[in-house]
Amino acid sequence: DFDEEDQELLEEMARTSKGGAADRFAFDEDMDLDGLRERSRVAPFIKISFRDHEAKTAPAEGANARWKETITVPLEDLTSDLTPQRLLEMNDNIYVSLFDEVHIRPSNASRRGASARDDASSEGLLEQRYLGQLSIPFSTVYKAGRVEGFFKVMTPDVTMGYSVNRKKGGYDQVGSQGRGGRSGWAGMSGFAGFGGGGNASGGFGSGGGGGNSPRGDDNESGNAAFSTSAQELMSQGASATYLKVMCTLDPHLPAPNLDVDIVQADESGKLVRHARHWLAKMRGWHGDKDGFESREDRIFEAMVPNMHGEHIFLPRYLRPEGQAPPSDELYRWDEGGAPKPPSGDSTYGYRQDVAHCARFVSMIPFLDDFKAFKEYEMWCTSGQFLDILAGDWGEHAVLLWNYFQWLKVNGKWPDRNRDDVQFYLVIGRAIPEGHSVYVLQYYPSDPRAAVFWNACTGHAYGAGDPRCPLQDVGCLVTPENIYGNTQRDGRPMTLSDPRIGGLDVTDQSRWQPFFNPKMSKEKRDAFRVAGSIQELELDYTRPADETTCEELQEQLEELIKTHLRGWREKLRQSRGAKTKFTEFMKIELRNRLAEVLEQLESNKVTSNPRPIDYSRIRQQTNDRELHAVTLNFPYTDTEAVLDKIKTVGAHECMHDDVQYLLAVHVVPYPCGIFSVWIYYGTALPIRN
């Protein structure tokens, strides 16, 4: 007794099986259909991690999960010094991880297709399988008091052991081994939890999220196509995974006022006085006598401190001509050992295009100013940013803006038929980071085509996307002026509505300019605004050679193996189980895995990603189920790498015959930047 969906599930299991033989899964009278359906469903749960504390929800059922739970974790013990200064200096993140709980029954007590959850009394093991994660900076929660909304889950590019249910949306667990798919574990909808109890604890209300399964075969390729089209980006955004989360402190701990007065400035006194007046006016507009209705929590900036603590007029961080991104010449060496470019194609090296620019900027490590200098916010020039190789939202966005402007000025912007493209630096409020800086790609003739770029992640969002992380636009900045938003609703979705014209900065009923466009040249010159402080040309050092990358790969692999053994020994002290790595980690399969990781990097910088062939990996592992994910991040230090590996939770697998999969691939970028790819997971015996 089975229906069309059962047949589809069966065919999917056959297609993704080791042998690929459909007749192995033909329905017959003895097949346990309930067990087959049960095994295909996920049981997601949420794990909250903060410092050394962990807590998790109960598992839900299916892709449309609803938890509606409140989780509390201690902030500090009662003897801790919870002063505002110390709380601001805490550089910890709150990690919200998404897992699937799988019940593995003993091999002699189950058969393929048998239900794993229908007999709670049967012996077996509960496994957690990583599906994705999001992080919320503690400093954001502290400064805001409460953070709530739909948060995008960063899912692996490949999740072996799962496939996307295109009909319903969401992940299905497939057969003995799933295809490597882009994680569009979507379709979760629910309600936020409330509250948070305990003494100085964090309260987390976990609801659900939303979205649909990825379009076409994006999950098969391991990457969605790179695009600058708002429509395509919104389609891709609909396939993402979201969680609705509310996070607060109990009791509420008031944060100090972080607005810094312009005391020391490298600008004329007249300009400084005007900046103070403009900021006071903008911050005072809350539907008062002037009749404006800006939001009370809206963020406005006019001058920002440089590395020496001197305030600089914000537009001076933008060059009207832009700044040239790295060129392909950096990848062309006369001597041997030249690095392979991120695209994987040595015929042209490194392209000066939108995809490569966004990828390069996103691979520069992130570091919050306050956590680095602990006294004040500071903005670096692009050259200083590349020297330090660390920066926050401001540095990333400024560099990306200058790259985009250079592409436009030099005729390299891809929309050649859209020569009216304009770029703005966006000062606003986003989730989960709070105060943030984005880049706006805007077409005056078609506001719906606007795109907002998160330079730190390289992700772009169509302005019409209702779940764009940018929640409120405060200012739009050009090399000549600043425009303060005086509209009640500052969400990109509302501003880009052509019926409203909310992104038209020439409309002074909606935007208050720093300099009135009608101001005469003589009056403007009286402010003595100097030119851009950005370097005319950026100095790029060559990417690391092949030998250096191989050495780093080997170092990271050995480090991960050593710590994996240590983590498992602590968990299984009484059992003394050894940590084994799969026998298939031999030269041939290691090369296959390296090819997959290399192709994933290449797909990040192309609008036509090539499908990735996982069949040769499956052929090498025909006696085991693979449950593995790919991780990708900029390299900072080994501790950060280990933290990301530990988050996956694969070391907690208690199966007696578990073997581990591990492969590391390092891609060099100019200026000493590395993109690290890791393939990591478990290989379990196929259940009878």
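The values are calculated or read from the model by the stated rules, or taken from the named source; none is laboratory data. Model, not experiment: these values are computed from the prediction. Every residue, glycine as well, gets a Cβ built from its backbone with ideal geometry; the counts of neighbours run over all protein chains shown. For the accessible areas, the whole protein counts, side chains as well, though only heavy atoms, and no ligand, DNA or RNA atoms are used. Shrake-Rupley method; radii C 1.70, N 1.55, O 1.52, S 1.80 Å.
On the full set of protein chains, 1.4 Å probe, figure out the accessible area of TYR442 and give it in Å² to the nearest 10.
10 Å²
Using the crude model of +1 on Lys and Arg Cβ and -1 on Asp and Glu Cβ, and no other charge, please compute the dipole size for the stretch 447-570 relative to its Cα centre, in debye to 20.
So the magnitude is around 1000 debye.
Determine the gain in length on full extension of the stretch ALA255-ALA280; use 0.36 nm per residue of separation and subtract their C-alpha separation, reporting nm with one decimal.
Once the chain is fully extended between ALA255 and ALA280, it gains 6.9 nm.
Once the other residues with Cβ under 14 Å from the Cβ of PRO469 are scored (Lys, Arg +1; Asp, Glu -1), what is the net sum?
+1
What length, rounded to one decimal in nm, is gained on full extension from GLU569 through to ALA526, with 0.36 nm per residue of separation minus their alpha-carbon distance?
Here the answer is 8.4 nm.
For THR70, what accessible surface area do you get with a 1.4 Å probe? Give it in Å², rounded to 10.
70 Å²
Taking 51 Å as R0, compute the FRET efficiency from the Cβ-Cβ separation of ASP297 and SER615 and round it to 0.05.
So the FRET efficiency works out to roughly 0.45.
Would you work out what percent of the accessible area of the stretch 452-555, with all protein chains in place, is carbon or sulfur (probe 1.4 Å)?
46 percent
For a protection proxy built on the mean count of beta-carbon atoms within 10 angstrom, sort 271-278, 520-527 highest first, please.
Top of the packing list down: 271-278, 520-527.
At a probe radius of 1.4 Å, what is the per-residue accessible area of GLU558, in Å² to the nearest 10?
100 Å²
Please work out, to two decimal places, the log10 of the ratio I(q)/I(0) at q = 0.10, 0.12, 0.16, 0.18 Å⁻¹ from a Debye calculation in which every Cα of the stretch 373-513 carries one identical scatterer.
-0.33, -0.47, -0.84, -1.06
If we count every other residue with Cβ under 11 angstrom of SER532's Cβ, Lys/Arg +1 and Asp/Glu -1, where does the sum land?
Cβ neighbours under 11 Å give a net charge of -1.
Starting from the Cα-Cα distance between ASN481 and SER327, subtract it from 0.36 nm times their residue separation and give me the gain in nm to one decimal.
Full extension from ASN481 to SER327 adds 52.4 nm.
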